[in-house]
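Visitor: Here it is, the structure, as structure tokens.
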Amino acid sequence: MNQNTYNISFSDTKYPTLALERDSQLSQHLTVQNSPVLFGCRTGICGTCLVEVEGDIPPPNSEELEILEIFSPGNKQARLACQIKLTNNIKIIEEGRGKKEEGRRKEVRKEGKKEEKVDGDSL
């Protein structure tokens, strides 16, 4: 691997490490087939691709910081995957709002009413 190619690894070992060129935009390379990260708007406003990152990457811009304060206040490792430009090896250690998992939606019975919940949020 040369100095212009970096690895992205995932805490979920089901997904293999990916090698991408320096300054690659993750949202252009991560797919439902090769990563556990889901994307929504891919512009940094919906928060679907919220992740925690281990590794040295450029800091978030002011717009991303605003979204991070809403969805993960005070978490210095939180980032929006769609906004990350790859400058070093990184590990995505936790997938947030956009995590793919089986049975994520579940029915909850409350006072005889059926509701759907996703990660604790009412739909």
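The values are calculated or read from the model by the stated rules, or taken from the named source; none is laboratory data. Here the structure is a predicted model, which means the values were calculated and not measured. Neighbour counts run over all protein chains shown; Cβ positions are idealised from the backbone, glycine included.
Visitor: Condition first: in contact with a strand residue (DSSP E or B) (Cβ under 9 Å, 6 or more places away or on another chain) and within 12 Å of LEU86 (Cα to Cα). Can you find one or more residues in the stretch 32-53 that meet it?
Guide: Among the residues of the stretch 32-53, at least one is in contact with a strand residue (DSSP E or B) (Cβ under 9 Å, 6 or more places away or on another chain) and within 12 Å of LEU86 (Cα to Cα), which makes the answer yes.
Visitor: Further question: Out of all the residues in the stretch 39-56, which are surrounded by fewer than 18 Cβ atoms within 10 Å (Cβ to Cβ) and closer than 19 Å to ASN7 by Cα?
Guide: Residues satisfying the conditions are GLU52, GLU54, ASP56.
Visitor: Restricting to the stretch 72-91, count the residues that are within 12 Å of the chain's Cα centre (by Cα), more than 20 Å from ALA19 (Cβ to Cβ) and not polar (S, T, N, Q).
Guide: Looking only at that region, the number is 2.
Visitor: Moving on to the next point. Quick one: in the stretch 1-46, which of the residues that are of a type in the set (D, E, K, R) and outside any strand (DSSP E or B) is modelled with the lowest pLDDT?
Guide: This residue is ASP12.
Visitor: I need a count of the residues in the stretch 46-94 that are on the phi > 0 side of the Ramachandran plot and free of Cβ contacts under 8 Å to residues at least 12 places away in the same chain.
Guide: Count: 1.
Visitor: I need a count of the residues in the stretch 28-38 that are surrounded by 14 or more Cβ atoms within 10 Å (Cβ to Cβ) and among the hydroxyl-bearing types (Ser, Thr, Tyr).
Guide: 1
Visitor: Find the residue count for the stretch 79-99, including only residues that are modelled with pLDDT of 95 or more, under 18 Å from LEU65 (Cα atoms) and in contact with an Asp or Glu (Cβ under 6 Å, 6 or more places away or on another chain).
Guide: Looking only at that region, the number is 2.
Visitor: Looking at the stretch 57-70, which of its residues are of a type outside the set (Val, Ile, Thr), modelled with pLDDT of 95 or more and either surrounded by 12 or more Cβ atoms within 10 Å (Cβ to Cβ) or over 12 Å from ILE84 (Cα atoms) (or both)?
Guide: Within the stretch 57-70, PRO60, SER62, GLU63, GLU64, LEU65, GLU66, LEU68, GLU69 qualify.
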